[in-house]
Structure formats: structure tokens, C-alpha cells
Amino acid sequence: MKVSELPYQRVTLEEVQTVMTDVIARVKNAASADEVLAAREDYLRFNKEFYTANSLAYMRYSINTADEFYVAEHDYYDEIGPAAMNFD
């Protein structure tokens, strides 16, 4: 599959907050190592989704900086990036 064929879907800051708050709570309240590992898997899965979307937006923006959609997506990730990183 070519990069141009990869599906793009924006990950919102609200999604980041919801998923990461849940993961953090699950780790804090875990009664076993298995529960921590399950939360970690959810974190890793979501983290991959977020960074893939961010990277695709950046790549497509850098290929054509006149594409208004990806200019807006690039700007969006620049804006929410620091808040999203706080959850890492």
C-alpha cells in the first residue's frame, strides 16, 4: 500500500483526553499486572493511531503546501500537540 492510499482520519484532542484519562485511571486502580498491561496495550494502540494521523497530515501537507485541507490539519496538530503530549 502506498502512503497516498492510507486512510486519514483526524484524531481530536477530546479523543486524546478521553482515552488517556481512562488509561491513566485504569493503571492507577489496577489490581494486577495484567490490568496494567491491558491498559498499556490500549495506550499503545491509541498512541499509534494519533501519531499516524499526525504524520499523514504532515506528509500530505509537506507534499502540497497549497492543499487547504492539509494546511488546516497540519495547523490543527501543531495547535493540539502540546496538550496531547502532556498525556504521554
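The values are calculated or read from the model by the stated rules, or taken from the named source; none is laboratory data. Not measured: the values here are computed from a predicted model. Quick reminder, even Gly has a Cβ in these numbers, built from the backbone with ideal geometry, and neighbours come from all protein chains shown. These accessible areas exclude ligands, DNA and RNA; they are computed on the full protein's heavy atoms, side chains included. Shrake-Rupley method; radii C 1.70, N 1.55, O 1.52, S 1.80 Å.
The convex hull of the Cα atoms of the chain, projected and averaged over all directions, covers 6.3 nm².
Listed peptides 2-9, 57-64 appear in the order 57-64, 2-9 once ranked by packing, highest mean of other Cβ atoms within 10 Å at the front. Classified by the C-alpha gyration tensor, the stretch 1-50 has an oblate form. Its axis ratio a/c, with a ≥ b ≥ c, is 1.5 or above, and a/b does not exceed b/c.
For Thr65, the accessible area of its heavy atoms, probed at 1.4 Å with every protein chain present, is near 90 square angstrom.
Shown for the chain: the carbon plus sulfur share of the solvent-accessible area, taken with all protein chains present and a 1.4 angstrom probe, equals 55%. Judged by the mean number of other Cβ atoms found within 10 Å, the most tightly packed of the peptides 76-82, 48-54 leads the ranking 48-54, 76-82. With respect to the chain, whose longest principal axis is taken over its alpha-carbon atoms, helix 68-85 is tilted by about 30°. From Cα pairs below 8 angstrom and at least 6 apart in sequence, can you work out the relative contact order of the chain, rounded to a whole percent? After rounding, I find 33 percent.
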